[in-house]
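Okay, so here's the structure we're looking at.
The values are calculated or read from the model by the stated rules, or taken from the named source; none is laboratory data. None of the values given here were measured: they were computed from a predicted structure. Neighbour counts are summed over all protein chains in view; Cβ atoms, including those assigned to glycine, are modelled from backbone coordinates with ideal geometry. With ligands, DNA and RNA removed, areas are computed over all heavy atoms of the protein, side chains included. Shrake-Rupley method; radii C 1.70, N 1.55, O 1.52, S 1.80 Å.
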Amino acid sequence: PEALLDALARRLDADAGDPLAPTLVVTPNANVERFVELGVARRLGVAANLRFRRLGTLVEELLPGPLLTGRVLTARVLRALHDEALLAAPALGAVRRYLAAAGSGPEAVERRLAQAALDVARLLEEYGFPRPELLDAWAGGGARFAATPYASTEAGQAGGLRGVGPAAHTLAAAIARLDGPVPARLYVFGISYVARVFARLFRAIGERAALELYALDPCEEFWEDVETPGELRRRQRTSAAEPAWLFEDEDPFRLSVETETPLLARWGRPGREHVRLLGALTECDFEAAFVDPLAGHAAPARDEGLPLLALLDAPPLLHRLQHDILTRAPRASPPSAASRDESVLVLAAPSRRREVEAVAAEIWRLTEVIEDLTFDRIAVLVNGPDRDAYLPHVEAVFAEARAIPYNVADVALASVSPLVEGALRLFALPTVPFARAEVLAVMTHPAVLARVPDVTPHDWVALAERLGIFHGIDAGELAGTYVGGEDRLSFEQGLTRIALGAYARGRVAGAPRPIAIGARAYLPEEAPVGSLVEARFALLARSLASDVRFAREAALSLTDWARFASAMMHAYLTPTSDAEEAALRRALSIAEGLAALDLGGAPVRYPVVWELLRGPLEELTGTRGAHLADGVAVSSLVPMRAIPFRVIFVLGLGEGRFPAADRRDALDLRAARRMAGDVTPPERDRYTFLETLLCARDRLVLSYVARDEQTGEPLAPSVVVTELLDVIEDGYLRGARSTLVKRDLPLHRHED
């Protein structure tokens, strides 16, 4: 990445013309954008008038008009599933059975309908990137899987694409018709690999403007012929029940993983196919910008007869691994003896907390032993699914470890923003029982309590206990239960007692004096003199009960639901800082976006609305601190994959935790046959790990939890850690597991 940035800076300097003319740079995420911005400023003295874009934003700017992506696709599929005539088609029998599987009640059917629509829309959008020919065929009324076992699945998904809605083009069709203005010059930096449809976009832009791709490639040599055993096995599969095009040969080469650079063969498929795609796109017009990690070192020694002194003087193990990947070196021969090397280290910890504590201790140690190492050149990366589980430990441990400064590059916004978390709890309330725990979780939430600063959560929890509030808005929700006709548990009876307490003497005055209202008797709950706790509790609880009852019973258009959701946030959630104001705006944009999915005014029930709100709110991400400025960078793996650091820690590398399992969706037609450009979750994670290894400059420290925290049984490391250790033992460092793996971490920090 540093070499690519050097090349980009030189080109920006050479192409500098009008200082007021913006320069457009496409980056994969905000972290790479920051890396480019700071790097250009260091190299040129200033980074001025750079305009950064993501690929998705670039598509929106260059391809105006509705595209079959995102919300447009979701709206199409929702309309299709609400179309009774379409659902009645014989080909959609499986869809009908799915919708009725949880019962025929309207709420159950509506929720399943929304979930199915979101799943199918997600699949259709994913098809549009690596398999654009699928959407193009369906949009034209054709089929690709006719007379195959996948025909019924294709029919259901194609029907969703053809749902009634505004005219829209597939992404591939829009690119083919690109005729609007494009930037005169465009730089694309740091993208590891892209789907085939984006290669078409690059080609279309390159035919009309100057397009420069600054692409990451782990290997400086031609390596698109590296083939894994799995690919060979898949190629040998045959089936008379499937069309011949499913088995078109995607790779004519026959090289064994045993004779190749092992880590490239095991982890490199996404990058290899991207290099092949770029080669076809540019007619192999490449300008090399590689840096050999062994530059300045003596050549690595592999002869078995070398003396121990030569082994001790060998280049660092990390640099030797990187060099062999870079030069596509064949499998190395094992050395004659083990040597001490700290450039690669594996920590086996008894718990997540101890894992983070060990990392904190290692950070301080390395700042003392590595010259000029500063905190901003250190990264602590976490396996993505475990990000939120590790972050609280990082916050606590780094604060205790002499206040290690750090920033968080990507964190679930709901975990750091009370307002977004409050919005999720608020919108979930109509879908769960109106019980004390669920309601008080909303009423005592900081974003809700901000409007009543003189009330504490304990005040309202204690009041609910005194009032005997447990479950249900009113007695009607308790009908048919063991409570019978007695209204002693609902919110309504508790709120009635508060209202009576404002006018009648009750328990505070002495002996209880119930007041009869109709067939029921209520004991007034008299508030202490000057207390507003009871009145504010009653006002908020009654308002929530009214809104929940409305949401459960109403059937509105999505445009009206958008207004309702926005009004709910304005009514109950109060931002207390500029950051929370920004979070509120982001949450409101999601709520208001429901109107874009409107089904032509057709009414839907709240379960559909909840499913449409929950995912986008949970997927909102935020940051804490300034990336590459405020100390150690803490992030999940993917956003940092292309950014170099002197020291990189990777946490959460336990067996079954990383890489992700290849649990292909049963509806995913890509499972019929792998094609070049398809990247499965485990392949994505393996390639991310390879890039992380290549971006470490001085140290790579891998860690995992080695004991089950409940049973104490030993746990194995991730398969990528095992594969790395196997490669090191076979070709670099005999006895690597005994020298590189630290297994003696005690259960508690004070025992160190």
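Tabulated values for the structure
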| quantity | calculated |
| --- | --- |
| Scan of segment 35-53 for residues that are within 14 Å of R10 (Cβ to Cβ) and open to solvent by 40 Å² or more (accessible area, probe 1.4 Å), ordered by number | R42, R43, L44, G45 |
| Total residues in segment 73-111, condition open to solvent by 60 Å² or more (accessible area, probe 1.4 Å), charged (D, E, K, R) and modelled with pLDDT of 80 or more | 4 |
| Test: L715 is out of contact with any Pro (no Cβ under 6 Å at 6 or more places or on another chain) and open to solvent by 30 Å² or more (accessible area, probe 1.4 Å) | yes |
| Residue within segment 68-79 that is of a type in the set (D, E, K, R), part of a loop (DSSP other than H, G, I, E, B) and within 32 Å of the chain's Cα centre (by Cα) present | no |
| Those residues of segment 115-131 which are in a helix (DSSP H, G or I) and either within 24 Å of V604 (Cα to Cα) or more than 18 Å from the chain's Cα centre (by Cα) (or both), in sequence order | Q115, A116, A117, L118, D119, V120, A121, R122, L123, L124, E125, Y127 |
| Matching residues in segment 176-202 - criterion: being touching a residue at least 12 places away in the same chain (Cβ under 8 Å) and either closer than 24 Å to R674 by Cα or in contact with a His (Cβ under 8 Å, 6 or more places away or on another chain) (or both) | I191, S192, Y193, V194, A195, R196, V197, F198, A199, R200, L201, F202 |
| Matching entry among A602, A642, A595, A591 (being farther than 24 Å from E107 by Cβ and not aromatic (F, W, Y)) | A642 |
| Pairs, first more than 23 Å from A475 (Cβ to Cβ) and assigned to a loop (DSSP other than H, G, I, E, B) in segment 521-540, second acidic (D, E) and modelled with pLDDT under 90, C-beta under 9 Å, six or more apart | L532/D454 |
| Considering residues of segment 497-549 that are among the charged types (D, E, K, R) and open to solvent by 80 Å² or more (accessible area, probe 1.4 Å) only, the residue modelled with the lowest pLDDT | R507 |
| Of all residues making up segment 390-423, the number that are at pLDDT 90 or above, among the small types (G, A, S) and surrounded by fewer than 21 Cβ atoms within 10 Å (Cβ to Cβ) | 4 |
| Of the criteria (1) exposed (fewer than 13 other Cβ atoms within 10 Å of the Cβ); (2) outside any helix (DSSP H, G or I); (3) of a type outside the set (F, W, Y), which one D13 fails | (2) |
| Any hit, segment 728-747, residues being open to solvent by 30 Å² or more (accessible area, probe 1.4 Å), within 30 Å of D662 (Cα to Cα) and among the hydroxyl-bearing types (S, T, Y) | no |
| Residue that is over 30 Å from R320 (Cα atoms) and in contact with a Ser or Thr (Cβ under 9 Å, 6 or more places away or on another chain), where the choices are D388, D341 | D388 |
| Qualifying residue in segment 120-132 (condition: more than 18 Å from R673 (Cβ to Cβ), modelled with pLDDT under 85 and in contact with a Lys or Arg (Cβ under 9 Å, 6 or more places away or on another chain)) | no |
| Condition check for S343: hydroxyl-bearing (S, T, Y), in contact with a strand residue (DSSP E or B) (Cβ under 8 Å, 6 or more places away or on another chain) and open to solvent by less than 10 Å² (accessible area, probe 1.4 Å) | yes |
| Residue that is closer than 26 Å to P262 by Cα, open to solvent by 30 Å² or more (accessible area, probe 1.4 Å), hydroxyl-bearing (S, T, Y) and at pLDDT 90 or above, where the choices are T722, T692 | T722 |
| Residue check for L463: modelled with pLDDT of 90 or more and hydrophobic (A, V, I, L, M, F, W, C) | yes |
| Residue list for segment 711-731, filter: in contact (Cβ under 8 Å) with a residue 40 or more places away in the chain and in contact with a strand residue (DSSP E or B) (Cβ under 9 Å, 6 or more places away or on another chain) | L715, A716, P717, S718, V720, V721, L724, L725, I728 |
| Listing of helices (runs of 4 or more DSSP H) fully contained in segment 237-333 that carry 1 or more residues being at pLDDT 70 or above and on the phi < 0 side of the Ramachandran plot | 262-267, 269-282, 317-326 |
| Entirely in segment 356-465, the helices (runs of 4 or more DSSP H) that have 1 or more residues that are over 24 Å from the mean Cα position of the chain (by Cα) | 387-400, 436-443, 446-449 |
| Segment 470-479, subset assigned to a loop (DSSP other than H, G, I, E, B) and touching a Leu at 6+ places or on another chain (Cβ under 7 Å), residue least open to solvent (accessible area, probe 1.4 Å) | G472 |
| Residues (open to solvent by 10 Å² or more (accessible area, probe 1.4 Å) and either free of Cβ contacts under 8 Å to residues at least 60 places away in the same chain or more than 25 Å from G731 (Cα to Cα) (or both)) located in segment 258-273 | E273 |
| Hits in segment 171-189 - residues which are among the β-branched types (V, I, T) and either open to solvent by 10 Å² or more (accessible area, probe 1.4 Å) or in a helix (DSSP H, G or I) (or both) | I175, V182 |
| Neighbours by Cβ (under 8 Å, 6+ apart or cross-chain): first from segment 97-116, farther than 17 Å from A551 by Cβ and touching a residue at least 12 places away in the same chain (Cβ under 8 Å); second open to solvent by 30 Å² or more (accessible area, probe 1.4 Å) and charged (D, E, K, R) | Y98/R112; L99/R112 |
| Selection count where residues are more than 16 Å from E355 (Cα to Cα) and part of a loop (DSSP other than H, G, I, E, B), scope segment 683-709 | 0 |
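Residues checked against (1) closer than 30 Å to P149 by Cβ; (2) not β-branched (V, I, T):
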position: V650; (1), (2): no, no
position: F658; (1), (2): no, yes
position: A666; (1), (2): yes, yes
position: D678; (1), (2): yes, yes
position: C695; (1), (2): no, yes
position: E713; (1), (2): no, yes
position: E723; (1), (2): no, yes
position: G731; (1), (2): no, yes
